[in-house]
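J.: Below you will find the structure I want to go over with you.
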Amino acid sequence: MTEDGADRVAAWLRANPSFLAERPDLYRLLTPPRRIHGEGLADHMAAMLDAERAANRDLAASARAEESFVHRAQRAVVALIAAPDAAEAVSQEWPALLGLDHCALADEGMPAPHRRSLPPGTVQALLPTGRDTLLRDDPSDAALLHGEAAPLIARDALARLPL
């Protein structure tokens with residue numbers, strides 16, 4: 001960098017003193033001073049250590065969340081295996097076990113307990129041939145699929161399950 005460029009960067013940093021504090025990830029890219037001598041030099045090492053600690057906290061939080069999801073999924077599978085009625089386990093136990101607002105099995109067959117009955121052609125319309133899963137934001141047909149839980153539904157996931 002030219003001396004003129006370095007002077008412009010320094011002037012800009014003086015005019016924006018919170019720039020690095022608001023972007024701690026940039027400390028990972030900087031070379032800290034080896035020693036602090038006098039009032040004119042700042043100690044960047046502490047800021048860099050704080051940035052690394054924050055990154056490690058985020059990583060640890062992410063790992064805990066993933067572990068929690070895996071644990072919830074395992075409990076849901078065990079509940080399904082142990083259930084005398086799989087549809088009842090999905091509709092009654094899975095929402096609490098998986099942290100969902102609503103969960104249901106649906107088909108176009110005859111009405112049955114713990115299953116939503118859909119009009120003919122609904123499954124094909126929702127999941128066309130070759131498409132076995134679908135994640136949706138703000139589904140327009142929430143009342144059809146989620147019934148009384150529809151006002152709670154901001155996103156849903158559909159999956160075709162072979163019989």
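J.: Ignoring ligands, DNA and RNA, what accessible area per residue does the chain give at 1.4 Å, in Å²?
T.: In whole numbers, the chain has 75 Å² accessible per residue.
J.: I've got another one for you. Percent of alpha carbon pairs in the chain separated by more than 30 Å?
T.: Pairs farther apart than 30 Å: 49 percent.
J.: Moving on to the next point. Taking a spot 7 Å from the Cα of LEU105 along the direction of its beta carbon, which residues of the range 69-94 have an amide N less than 17 Å from it?
T.: Under 17 Å, as judged by backbone N against the label point of LEU105, lie 76-94 of the range 69-94.
J.: Ok, one more. In a GNM of the chain with a 10 Å cut-off on Cα contacts, which of ALA73, ALA96, ALA112 has the highest mean-square fluctuation?
T.: Result: ALA112 has the largest fluctuation of those listed.
J.: Given the DSSP H assignment, sum -39500 (n - 2.57) over each helix run of at least 4 residues in the chain and divide by its residue total; what's the result at 222 nm in deg cm²/dmol, nearest 500?
T.: Taken over the chain, the calculation gives -13000 deg cm²/dmol.
J.: Please compute the alpha carbon radius of gyration of the range 67-163, then divide it by the globular-protein estimate 2.2 N^0.38 Å. Two decimals is fine.
T.: The range 67-163 yields a ratio of 1.09.
J.: How many nm separate the modelled label positions at ARG8 and LEU30, each set 7 Å beyond the Cα in the direction of the Cβ?
T.: Here the answer is 2.1 nm between the modelled labels.
J.: Still on this model: Any idea what the relative contact order of the chain is, in percent, if you count C-alpha pairs under 8 Å spaced at least 6 apart?
T.: Dividing the mean separation by the residue count of the chain yields 11 percent.
J.: Hey, another quick one. Given a 1.4 Å probe and every protein chain left where it sits, what share in percent of the accessible area of the chain is carbon and sulfur?
T.: Carbon-and-sulfur percentage of accessible area, whole number: 58.
J.: Between ALA65 and SER140, what FRET efficiency comes out of the Förster formula 1/(1 + (r/R0)^6) with R0 = 25 Å and r the beta carbon distance, rounded to 0.05? Before the final figure, lay out the partial values.
T.: On the way: r = 30 Å, r/R0 = 1.21.
Once rounded, the FRET efficiency stands at 0.25.
The values are calculated or read from the model by the stated rules, or taken from the named source; none is laboratory data. Bear in mind that the values here come from a model prediction, so they are computed numbers and not experimental data. So basically every Cβ, Gly included, is an ideal-geometry build from the backbone, and we count neighbours across all protein chains shown. Areas reflect the complete protein model, heavy atoms only, side chains present, ligands, DNA and RNA absent. Shrake-Rupley method; radii C 1.70, N 1.55, O 1.52, S 1.80 Å.
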